[in-house]
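As structure tokens, the structure follows; a few thoughts come after it.
Bear in mind these aren't lab numbers, they're just calculated from the coordinates by the rules spelled out. Predicted model only: the values in this text are computed from it and were never measured. When we count neighbours, we look across all protein chains shown, and the Cβ atoms used for this are built from the backbone with ideal geometry, even at glycine.
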């Protein structure tokens with residue numbers, strides 16, 4: 001859960017926070033209060049203090065990039081909750097649909113039509129997750145941009161070359177985890193060595209003030225900041241959100257990104273389009289040991305259910321217990337540990353909260369089925 005005042009952790013290092021107006025302090029708290037890591041907060045504080053941005057106007061622009069690769073899993077809820085906070089904090093939220101990046105990364109075997117079909121589904125999915133907010137380039141608005149649009153500029157490719165200049169092959173290999181690849185996987189394909197430079201160039205080309213990504217994207221953001229230092233370019237603030245583990249993850253496996261939830265492992269992943277019954281069925285098998293404080297069940301509670309609803313409601317079979325409501329992760333975990341709450345009931349309580357949070361997605365696609373139907377047909381082909 002977020003601290004009572006999420007800015008306390010930064011004030012000693014960045015005393016200028018104290019000089020912000022109360023409204024801007026509130027905006028800043030909304031922006032940083034639920035992330036795992038903030039890098040380069042000084043830039044964002046400057047934007048708020050001086051009513052400016054990298055573009056030179058008063059619109060703070062944040063971005064998150066996605067490779068179109070198939071149907072969405074529950075990890076998108078973590079990002080969408082953060083993007084909702086960004087909209088509420090009156091920033092412009094740009095969702096970058098990285099179609100050419102997906103092509104480089106061999107998604108759909110390099111079939112660009114399939115990649116772009118999936119990108120259109122992603123647009124609709126985020127409209128559903130974010131409550132169909134107003135769209136446009138202004139504060140508090142959502143916009144979508146495709147890599148294929150940005151790459152039409154010759155200036156973009158000049159940036160890619162500048163971002164590549166001085167980067168050794170060894171340095172680039174270390175960033176391959178951003179593509180879900182190991183360091184030795186791509187020596188046969190030169191295009192993949194341009195991927196980190198492309199991702200950095202995206203941020204510079206679109207004048208991004210806040211780059212958002214899961215913790216698995218940290219290396220890409222640090223590469224971007226190194227490039228900015230080299231050329232004297234302004235550095236975007238980077239926000240890194242939690243990674244949700246596979247439902248089967250346990251113990252030491254949860255300490256690296258190898259544990260993260262992936263739709264390529266259906267038994268370990270919850271999809272946004274899973275029914276309530278299916279979510280319960282998958283959660284029944286999720287790892288939860290009362291003697292272990294680490295569990296994907298706790299991650300889902302901490303990063304999705306509690307931030308969205310402020311409570312976990314457990315409704316066991318009346319033969320075995322009374323309904324209960326938990327408003328903190330600590331109390332919820334303690335109840336599982338001491339036997340007050342049966343692990344299966346805890347799993348189902350979290351499952352019910354997740355399903356509740358997906359009702360709007362179900363309703364949206366019931367009314368607007370075309371994009372989902374197209375991706376479903378694509379996945380079944």
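Computed from Cα positions, the angle between helix 370-380 and the longest principal axis of the chain comes to roughly 80 degrees. Shown is the FRET efficiency for residue 284 and residue 165, computed with R0 = 45 Å from the Cβ-Cβ distance and rounded to the nearest 0.05: 0.30.
Taking every DSSP bridge with both residues inside the chain, close to 30 percent are antiparallel. For segment 36-71, the residues whose amide N sits under 13 Å from a probe point set 7 Å from the Cα of residue 21 along the beta carbon direction are 48-52.
Entry for segment 275-357 at q = 0.18, 0.23 Å⁻¹: log10 I(q)/I(0) = -0.66, -1.14, Debye formula applied to identical alpha-carbon scatterers, no solvent contribution. Taking other Cβ atoms within 10 Å as a rough exposure proxy, 347, 356, 219 sort from fewest to most as 356, 219, 347.
Based on DSSP H segments of at least four residues, each scored -39500 (n - 2.57), the chain has a per-residue ellipticity at 222 nm of -13000 deg cm²/dmol. Annotation: peptides 359-368, 293-302, 332-341, ranked by per-residue average of other Cβ atoms within 10 Å with the highest first, follow the order 293-302, 332-341, 359-368.
Given R₀ = 25 Å, FRET efficiency for residue 8-residue 308 by Cβ-Cβ distance, to 0.05? Efficiency, rounded to the nearest 0.05: 0.55. Determine, at each q value in 0.09, 0.15, 0.17 (inverse angstroms), the log₁₀ of I(q)/I(0) that the Debye formula gives when each Cα of segment 8-241 is one equal point scatterer. The computed values of log10 I(q)/I(0) come out as -0.36, -1.04, -1.33. A Förster distance of 35 Å, applied to the separation of the beta-carbon atoms of residue 58 and residue 359, puts the FRET efficiency at 0.45.
The gain in end-to-end length when the residue 373 to residue 229 segment is fully stretched comes to 47.3 nm, 0.36 nm per residue minus the alpha carbon separation. Angle, helix 41-50 long axis vs. longest principal axis of the chain, Cα atoms, 0 to 90°, nearest 10? Once rounded, the angle reads 70 degrees.
Counting neighbouring beta carbons within 10 Å and listing from fewest to most, the residues 156, 63 come out as 156, 63.
Using only alpha carbon pairs under 8 Å that are at least six residues apart, calculate the relative contact order of segment 275-357 and give it in whole percent. With pairs under 8 Å counted, the relative contact order is 40 percent. This ranking places 265, 51 by how few other beta-carbon atoms lie within 10 Å of each, fewest first, which gives 51, 265. Taking the C-alpha atoms only, the angle from helix 22-32 to the longest principal axis of the chain is near 80 degrees. For the chain, set up a Gaussian network in which alpha carbons nearer than 10 Å are linked by springs, and say which option among 221, 342, 73 fluctuates the most. Result for the chain, Cα springs under 10 Å: 342 fluctuates most.
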